[in-house]
Structure formats: C-alpha cells, structure tokens
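What follows is a set of notes on a single structure, which appears directly below.
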Amino acid sequence: MDRLPAIAVSACLAGECCTYKASNNLIERYDELAALCRPVLVCPEVLGGLPTPRDPSEIQGNKVVSCRGTDVTCEYERGAAEALRLAQEAGCAFALLKENSPSCGCGHVYDGTFSHTLVEGDGITARAFKREGIATFGESQIDALIEAIHAERL
C-alpha cells in the first residue's frame, strides 16, 4: 500500500486539550480523516510558548492581543513558524485548521473587539501555510479536504 499523505491538523480538532480554555474541539469525523492520512498535530499557541489555559486573544491590526491587552504577537508568530516547520518537514500539502482562531482561522477570524464578531481573514498560522502553498481547510470543510486527499492519491 502506498504511504498515507501527511496532513497538518490543529491539535484541538484531534481531541488534545490545548485550547485557551484547556479543552478541545474534537471533530466528529476525526477518526475517518486519520484513517486516510498521517496527521501532524500542531497547536501554534502552545508551540509559541503560551500556556494552557490562557487568555483568549484576537487579531487587532498587525498584532495579536489578549483580552487583557497583552501583546502576544511574538508568541503567535513563533508558533506559526514552528507549526509550518513541522508541516513542511512532514511533507504536508494540506492542513485542517480550527476555524475563527487567531492562529488557525481559515477565511474568518474574530474582529479584535472580543464581541464574538467574525470578519473575513486568516489567522497567523493559516497565512503562513497558505503563503508556503499548503492548502488550508477549516473543520466545516472536512468533506472538501477528504475529497482533495482522495484526488491527490489517484
């Protein structure tokens, strides 16, 4: 059998308790996805040195700021760089990332006002992955990701 493709996956979507609340965002179809690929689990916030639990953060302009006003941009950028390194080292062509996150958000992120308002945009890690040619999918796009994995293997 051919080698399964490596896919970068937000660790919280795989059930790791690494969210800012020290919980997870396990997706219902994770086991199905994991059977089709070699998941490379990444939590950019943890990789960047932030603790679990941690204050929620949002993108404000060119910075990432916690709800207490602490600038955590460096930690987010460090985590994105490490997640990208791990994904590239494993040969990931695809990523499944946590929607709306200031790190992993794909297509939408919170607007920086901590009012639960979504705006178009990508998180720091999603931007880095896209810039390097890694196709990114949010968890609501898992069907499209599974189709892409099947198409890649043909």
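How fast does the range 1-77 diffuse by Stokes-Einstein, in µm²/s, taking the Kirkwood radius from C-alpha pairs at 20 °C and 1.002 mPa s?
Rounded, D is 156 µm²/s.
Indicate, rounded to the nearest 5 percent, the antiparallel portion of the DSSP beta bridges found entirely in the chain.
Of those bridges, close to 40 percent are antiparallel.
Among T136, T125, T52, which one shows the biggest mean-square fluctuation in a GNM of the chain, springs joining Cα atoms closer than 10 Å?
Per the Cα network of the chain with a 10 Å cutoff, T52 tops the list.
Helix 142-153 versus the longest principal axis of the chain: what angle, 0 to 90°, nearest 10, using Cα atoms?
40 degrees
Sequence gap at least 6, Cα distance under 8 Å: using those rules, report the relative contact order of the chain to the nearest whole percent.
It rounds to 22 percent for the chain.
Would you please put 17-24, 77-84 in order of how densely packed they are, using the mean number of other Cβ atoms within 10 angstrom per residue and starting with the highest?
77-84, 17-24
In what sequence, highest mean first, do 65-73, 103-111 appear when ranked by Cβ atoms within 10 angstrom?
103-111, 65-73
Taking a ≥ b ≥ c as the square roots of the eigenvalues of the Cα gyration tensor of the range 83-149, is the shape rounded (a/c under 1.5), prolate (a/b larger than b/c) or oblate?
oblate
Take the Cβ-Cβ distance between H116 and A81 as r, set R0 to 30 Å, and report the resulting FRET efficiency rounded to the nearest 0.05.
Plugging the Cβ-Cβ distance into 1/(1 + (r/R0)^6) gives 0.60.
Per residue, what volume in Å³ does the convex hull of the Cα atoms of the chain enclose?
101 Å³
Read the figures in this text as sums done on the coordinates, not as results from a lab. Keep in mind that this is a model prediction, so the values were computed, not measured. No Cβ is skipped: glycine too gets one built from the backbone with ideal geometry, and neighbour counts run over all protein chains shown.
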